[in-house]
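The values are calculated or read from the model by the stated rules, or taken from the named source; none is laboratory data. Being a predicted model, the structure only gives us computed values, none of them experimental. We place every Cβ from the backbone using ideal geometry, glycine too, and count neighbours over all the protein chains shown.
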Amino acid sequence: MTTTTEPTTEPATGPATEATTGPAAGFTPAVLVLEDGSTFAGRAYGATGSTFGELVFSTGMTGYQETLTDPSYHRQIVVMTAPHVGNTGVNDEDPESGRIWVSGYVVRDPARRVSNWRARRSLDEELAAQGVVGVSGLDTRALTRRLREEGVMRAGIFSGDALFEQGPSGAVRERPVTDLVAQVVASPQMAGANLAPEVSTEQAYVVEPSGEFAGRVPVATVVAVDLGIKSMTPRRLAERGVRVVVVPQRSSIEDVLAAFGELPEGAPRGVFFSNGPGDPDAAEHEVGLLREVLDRRIPFFGICFGNQILGRALGFGTFKLGYGHRGINQPVQDRTTGKVEVTAHNHGFAVDAPVVDGSGAPAVSVAPHGEGRYGRVVVSHVGLNDQVVEGLMCLDLPAFSVQYHPEAAAGPHDAAYLFDRFVGLLTDPGDWPPRLAPPGGGAAQPAGSCGTAADSVVDETEENL
């Protein structure tokens, strides 16, 4: 492995040596090129060729199959910080969508052999079959450190024929690094990218109640707007007796209302916005659709990209994080209970909303959009590593969201209660919103009625109104 910090016209790879992993005696050289001119040489993993995307790192020790098939990773090259990847192979039960969405994959030490009773093929084989260009044998610790210090950046992976060109004399030669860097710099940036339309379903489909609720009348009907939804998410709702109608990103408010079907008056219903890729600042259609939902006071729950869309719909801004939150070990505090949960994340943008007031208590603010027509809002969840907004709760509307992935695919089950919270909002809206736990701990008090100025938050925060 070689690393350079400045562009150079020297070849990007060194001479081939005996492979240290895999069945072959030799290996195909590959190189990861960053837009700042840094290069990391290694071995081809998966398909060969070239690929481009935003280079990000994931701290998950397990769940690589769910990571690869998460549509939120569309147009991103993922670096795995776990040094050993691929030992459980690939099965047909764990994918979160119908394909791998990452644009490239970077690992340090790929498994020499697969060892799991559910495995159907190796990770290397699956990446190659789906045309995903990867690289192995890199110092992913040094690469991650660079991203933490400098921030995520565009990158490209080059291997096989993509590393060579025909010279003036007709002879084949290795391409200079400056040419590779130029290709990386010419690739699209994530800022300003509107990517949800590229990953959303083309046709609506239904997930019926399952488990103990199978065959029974649904406890509620939810229209889920697919911005890059993971398959486990509607299943988590279905396990709680909810009938889920998943609709395309392009849906209008008329499409959403029609998806509820012939529900009787007063039947529990709600709208869900899923996770997804891209810059929330570019999601004008989604923001407009959600405002239509909020104006009709239809109960709403959003996760990840859906949290950012709620923030924008309420009038808050969003911003790009330096290197984002990606992995299954991110600590978050639920401020309605005071409890800390370990959660799964995949986001590079965050909502810019007030977290605390001058006294350190949770800040209650009036949603800026429409001269405050959406009422009061509080940050319900906070990331404990950096105090980033991880959830929003409307106090005068039946709406809330979280920035992370509570469906536990892949990831811990600490946040599964959020689906119960949503079902509770649908079936018993009079108990909304939950009351915030007092600063410093203690039990939360019963919530006031949604849409009133009742005791919806602790007394310490009311002075902010």
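Of the strands (runs of 3 or more DSSP E) lying entirely inside segment 86-167, the ones with 1 or more residues being at pLDDT 95 or above and in the same structural domain as Gly49 (by TED's automatic domain parsing) are found at 104-106, 133-136, 153-159.
Just give me the residues in segment 198-227 being out of contact with any strand residue (DSSP E or B) (no Cβ under 7 Å at 6 or more places or on another chain) and within 24 Å of Ser252 (Cα to Cα), in sequence order. Give the derivation first.
First pass over segment 198-227, keeping only residues out of contact with any strand residue (DSSP E or B) (no Cβ under 7 Å at 6 or more places or on another chain): 200, 202-203, 210-217.
Listed by number, the residues that qualify are Ser200, Glu202, Gln203.
Output the number of residues of segment 412-428 satisfying the condition of being of a type in the set (Phe, Trp, Tyr) and touching a residue at least 24 places away in the same chain (Cβ under 8 Å). Residues meeting the conditions: 2.
Among the residues making up segment 340-356, those that are among the hydrophobic types (A, V, I, L, M, F, W, C) and crowded, with 24+ Cβ neighbours inside 10 Å are Ala344, Val351. Regarding Arg291, is this residue outside any helix (DSSP H, G or I), among the basic types (Lys, Arg) and either touching a residue at least 60 places away in the same chain (Cβ under 8 Å) or out of contact with any Pro (no Cβ under 7 Å at 6 or more places or on another chain) (or both)? Against the criterion (outside any helix (DSSP H, G or I), among the basic types (Lys, Arg) and either touching a residue at least 60 places away in the same chain (Cβ under 8 Å) or out of contact with any Pro (no Cβ under 7 Å at 6 or more places or on another chain) (or both)), Arg291 does not qualify. Scanning segment 377-416 for residues that are among the charged types (D, E, K, R) and out of contact with any helix residue (DSSP H, G or I) (no Cβ under 7 Å at 6 or more places or on another chain) returns Asp386, Glu390, Asp396, Asp414.
In segment 188-199, is there at least one residue being within 16 Å of Leu32 (Cβ to Cβ) and buried (at least 17 other Cβ atoms within 10 Å of the Cβ)? Before the answer, list the steps.
Quick first cut of segment 188-199, residues within 16 Å of Leu32 (Cβ to Cβ) only: none.
Among the residues of segment 188-199, not one is within 16 Å of Leu32 (Cβ to Cβ) and buried (at least 17 other Cβ atoms within 10 Å of the Cβ), which makes the answer no.
Among the residues making up segment 65-118, those that are touching a residue at least 60 places away in the same chain (Cβ under 8 Å) and among the aromatic types (Phe, Trp, Tyr) are Tyr73, Trp101, Tyr105.
Here Asn307, Asn275 are screened, and the one residue that is polar (S, T, N, Q), in contact with a Phe, Trp or Tyr (Cβ under 6 Å, 6 or more places away or on another chain) and within 30 Å of Glu93 (Cβ to Cβ) is Asn275.
Modelled with pLDDT under 85, among the aliphatic types (A, V, I, L, M) and not assigned by TED's automatic domain parsing to the domain that holds Ile229: which single residue out of Ala30, Ala16, Ala47 fits that description? Spell out the reasoning first.
Numbers: Ala30 fails: modelled with pLDDT under 85; Ala47 fails: modelled with pLDDT under 85.
When all the criteria are applied, what remains is Ala16.
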